[in-house]
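Here is the structure we will look at, set down as structure tokens.
Nothing in this text is a laboratory measurement; each read-out follows from the coordinates by a stated rule. Quantities reported herein were computed from a predicted structural model and do not represent experimental measurements. We place every Cβ from the backbone using ideal geometry, glycine too, and count neighbours over all the protein chains shown.
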């Protein structure tokens, strides 16, 4: 039995018959499935046909939703804009409100399932148009600017729409920003209808954009401010700056109010006084800020006045030398030492520290005949830049001893 079954399945006749049966079932499945209807949904534009002349149509929505059925083959090849056309026919309608059925035209093989909405409410109104001048609504200019001219081109536009809408329009405006105003360039602006609180989607504006250009001038004012000289460096250590005088001391500036309001003084090019040890005079240019004009000379004379620093140093218990020849053999002076305070440039005074005194204190006993006498202490300065500020004591007592 098993051998007979094996021979049956392996015979060519059986395989041919089996192939034909399988092919038949496949053909039946495909052709049967392709004839099964498939539903498709579309959102389409609503066409208006036979529109009367001289009217404007107000229609809340111009789209409809459509469901159609077709076999799988047709459904997969539907071109909605071509195969499904939805429209309303306005043939012979007078101005007023109307409720019209939505009609549909389908290509062969398509079946309408639903259409939503099936009717539409619309309003026909006589069309109107008129010319309206375009007015610019300008922002407030900041201080320091003045409006010279404004050009709007074209200066008027045509508005088209229903009679009621056109009558309600009170004006047409363009609204430039402050940046647009200050640009001094031609720009394109959208035309806005007045009152702006109203909806004007059913009104056509021709043209809907216009060219706008404003010429704005900067108002110049004058302002007097002091001049300051930036100083670089320091003078020689032995000197200090006592004054910096500029001639002139003030300058008159010209510029916009906005710019000048932020300027309380003006400077020159910096002056380098590094290491100077005497008065200095220089001619310096004024540093002029951008957008500012200096009236008069654009340079100043600068005079730097110096004063020498004074340093002091004290010599304590400085021995008093005896000079000259006296007539007495035995004598003395009291005291024999003094304190001396010297003064001079800091660099010189500091160089004397730790060295032999730059001062010699002495008394001259020549021709003294008195046996007791107060005589002055004399000082000999070895460094010419140094002077004596104080000697203590400044006199000593000369006494003859028996």
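Give me D for the range 221-308 in µm² s⁻¹, whole number, from Stokes-Einstein with Rh from the Kirkwood sum over alpha-carbon pairs, 10 °C and 1.306 mPa s.
Approximately 114 µm²/s, per Stokes-Einstein.
Which whole-number percentage describes the relative contact order of the chain, with Cα contacts under 8 Å and a sequence gap of 6 or more?
Values: 796 pairs, mean separation 37.9, N = 402.
It rounds to 9 percent for the chain.
Once the Cβ-Cβ distance between residue 206 and residue 81 is put in as r, and R0 is 30 Å, what FRET efficiency do you end up with, to the nearest 0.05?
0.55
With each run of n ≥ 4 DSSP H residues scored as -39500 (n - 2.57), what mean residue ellipticity at 222 nm is computed for the chain after dividing by its residue count and rounding to the nearest 500 deg cm²/dmol?
-4000 deg cm²/dmol
State, as an integer percentage, the relative contact order of the range 191-261 based on alpha-carbon contacts under 8 Å between residues 6 or more apart.
37
Give me the percent of DSSP beta bridges within the chain that run antiparallel, rounded to the nearest 5.
85
Calculate, for residue 241 and residue 383, the FRET efficiency according to 1/(1 + (r/R0)^6) with r their C-beta to C-beta distance and R0 30 Å; round to the nearest 0.05.
That pair, residue 241 with residue 383, gives E of 0.70.
Which peptide among 335-341, 97-103 comes first, and what is the full order, when sorted by highest mean count of other Cβ atoms within 10 Å?
For the peptides 335-341, 97-103, the packing ranking is 335-341, 97-103.
At 7 Å along the Cα-to-beta-carbon direction for both residue 38 and residue 186, put a label point, then send me their distance in nm to one decimal.
Inter-label distance under the simple model: 5.7 nm.
Expected output is a single nm value to one decimal: the length gained when fully extending between residue 277 and residue 231, i.e. 0.36 nm times separation in residues minus the C-alpha distance. What is it?
Computed gain between residue 277 and residue 231 is 15.0 nm.
For Cα pairs less than 8 Å apart in space and 6+ apart in sequence, what is the mean separation divided by the residue count of the range 37-117, i.e. the relative contact order in percent?
40
Got a sec? How would 145, 362 order by Cβ neighbour count within 10 Å, fewest to most?
Placing the least packed residue first, the sequence is 362, 145.
Pick the calculated log10 I(q)/I(0) by the Debye sum over Cα atoms at q = 0.06, 0.14 Å⁻¹ for this structure from [x] -0.33, -1.14; [y] -0.68, -1.21; [z] -0.37, -1.18?
Checking each listed value against the structure points to [y].
Indicate, rounded to the nearest 5 percent, the antiparallel portion of the DSSP beta bridges found entirely in the range 285-375.
Numbers: 8 of 12 bridges.
Restricted to the range 285-375, the bridges split so that about 65 percent are antiparallel.
Residues of the range 319-357 with the amide nitrogen closer than 14 Å to a label point 7 Å from the Cα of residue 401, along Cα-to-Cβ, please.
Answer for the range 319-357: 328-334, 336.
Pull out the extension gain between residue 307 and residue 375, defined as 0.36 nm times the separation in residues minus the alpha carbon to alpha carbon distance; nm, one decimal. Write down the numbers at each step before the final one.
Details: separation 68, 0.36 × 68 = 24.48 nm, distance 3.67 nm.
Full extension from residue 307 to residue 375 adds 20.8 nm.
If you fit an axis through the alpha-carbon atoms of helix 12-34 and take the longest principal axis of the Cα set of the chain, what angle between them do you get, 0 to 90°, nearest 10?
With rounding to tens, the tilt is 70 degrees.
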